[in-house]
1. From the residues in region 36-58 that are under 18 Å from the mean Cα position of the chain (by Cα) and of a type in the set (S, T, Y), which one is surrounded by the most Cβ atoms within 10 Å (Cβ to Cβ)?
2. Conditions: (1) in contact (Cβ under 8 Å) with a residue 24 or more places away in the chain; (2) within 30 Å of T220 (Cβ to Cβ); (3) surrounded by fewer than 15 Cβ atoms within 10 Å (Cβ to Cβ). T198 meets all but one. Number of the miss?
3. State which residue pairs qualify: first residue closer than 14 Å to A77 by Cα and inside region 34-47, second residue of a type in the set (G, A, S) and buried (at least 18 other Cβ atoms within 10 Å of the Cβ) in any location, beta carbons under 7 Å apart, and separation of 6 or more residues or different chains.
4. What do you reckon, is A105 hydrophobic (A, V, I, L, M, F, W, C) and either outside any helix (DSSP H, G or I) or under 23 Å from N80 (Cβ atoms) (or both)?
5. Look through region 210-221, keep the residues that are over 33 Å from the mean Cα position of the chain (by Cα) and closer than 16 Å to G188 by Cβ, and return whichever of them is modelled with the lowest pLDDT.
6. Could you say whether any residue in region 167-176 is among the hydrophobic types (A, V, I, L, M, F, W, C), buried (at least 24 other Cβ atoms within 10 Å of the Cβ) and over 21 Å from the mean Cα position of the chain (by Cα)?
7. Restricting to region 90-130, name every residue that is among the aliphatic types (A, V, I, L, M) and more than 20 Å from L148 (Cβ to Cβ).
8. Taking helices (runs of 4 or more DSSP H) that fall entirely within region 131-229, which contain at least 2 residues that are farther than 23 Å from E110 by Cα?
Amino acid sequence: MMIAMSRFFMIIVGGGLALAGSLSLTACSQRVPAESLRERASFAAWIGNWPDAQLDYSELVDRYPDHWNYQYNLGRAALNNGDLDTARRSLEIAETLRPQDREVATHLAETMYRQDDRDALFTFLKDRAESTQQSEDWLLVARYSLDLDDPDMARLAVQEALVLDISDSPEPYIAAAELAERLGDIDGALQSLKIAWTLDPENNRVHAMIRGLGEVPGPTMLDSTEMGG
C-alpha cells in the first residue's frame with residue numbers, strides 16, 4: 001500500500017513539474033509586445049526610474065539594434081543609472097545613426113566627460129562643431145573646455161560661436177562672460193553680460209550673473225553708448 005501511494009505521489013509531483021516547465025516555456029515564447037515595452041520604458045524614464053528604463057530599453061535594442069531612438073534612450077537611461085560603458089556604446093551607435101541630433105551628441109559628450117576620456121571628448125566635440133558650423137555646437141566645446149580648465153580652447157570656441165550666431169541668443173555672451181570671469185577679467189565679463197541682457201532682459205541666469213558681479217540688472221547699468229545713444 002505504501003509503495004503504491006509513493007508511486008502515486010511521484011506521478012503527481014512529476015506531472016506538476018512537467019506542467020510548470022511547459023507553462024514557463026509558453027510564457028517565454030509570449031514576449032511583451034514592442035509597443036507595450038516601449039510605453040513601459042518611456043514611463044519609467046519619465047518618472048526617473050532609470051534601472052527599469054534601462055532594462056526595458058535594453059530589450060528593445062536587442063530586438064531592434066538599428067533603431068536610433070531606442071539606442072539613444074538606452075544610453076540616456078544607462079548614463080543616469082551610472083552604467084557608463086553601456087551608455088557610451090549605445091550613444092555612439094545612436095550618434096552614428098543620427099549624426100545631426102544635438103541631444104544625442106550632448107549625452108554622448110557627457111558620458112565621455114564622466115568617463116574622464118578627455119581626448120575622445122575634445123576630438124568628438126571639435127570635429128562635430130567644425131562639421132556643423134553651428135553656434136550651439138561651439139558653445140558645447142566652450143563649456144566642456146571651461147569645466148576641464150582649458151581656457152585657450154574655450155576662448156577659441158566662444159569666438160567661433162559669436163561669429164556663427166545668427167539667432168540673437170544670449171548664450172554665446174553668457175559663455176564669454178563665464179570665460180572672462182574665470183580668467184579674472186571682470187570688466188570683460190560684465191560687458192558680455194550687458195550684451196546678453198539687451199538680447200534677453202528676462203533671462204534669470206543673466207540677472208543672477210550680473211548681480212554676482214556687483215551690478216543691478218536693468219537699463220541703468222548701461223551707459224549711453226551701450227544703449228545706442
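The values are calculated or read from the model by the stated rules, or taken from the named source; none is laboratory data. No experiment lies behind these values; they were computed from the predicted model shown. Here the Cβ positions follow ideal geometry from the backbone for every residue, glycine too, while neighbour counts run over all protein chains shown.
1. Ranking the candidates gives Y57 first.
2. (3)
3. Here the result reads A41/A53; A44/A53; A45/A53; A45/A77, each pair linking region 34-47 to a residue that is of a type in the set (G, A, S) and buried (at least 18 other Cβ atoms within 10 Å of the Cβ).
4. Spelling it out, A105 is indeed hydrophobic (A, V, I, L, M, F, W, C) and either outside any helix (DSSP H, G or I) or under 23 Å from N80 (Cβ atoms) (or both).
5. M221
6. Yes, region 167-176 contains at least one residue that is among the hydrophobic types (A, V, I, L, M, F, W, C), buried (at least 24 other Cβ atoms within 10 Å of the Cβ) and over 21 Å from the mean Cα position of the chain (by Cα).
7. First, the residues of region 90-130 that are among the aliphatic types (A, V, I, L, M): 91, 93-94, 97, 104-105, 108-109, 112, 120-121, 125, 129.
Of everything in region 90-130, those that are among the aliphatic types (A, V, I, L, M) and more than 20 Å from L148 (Cβ to Cβ) turn out to be I93, A94, L97, V104.
8. So the answer is 151-164, 171-182, 186-199, 204-212.
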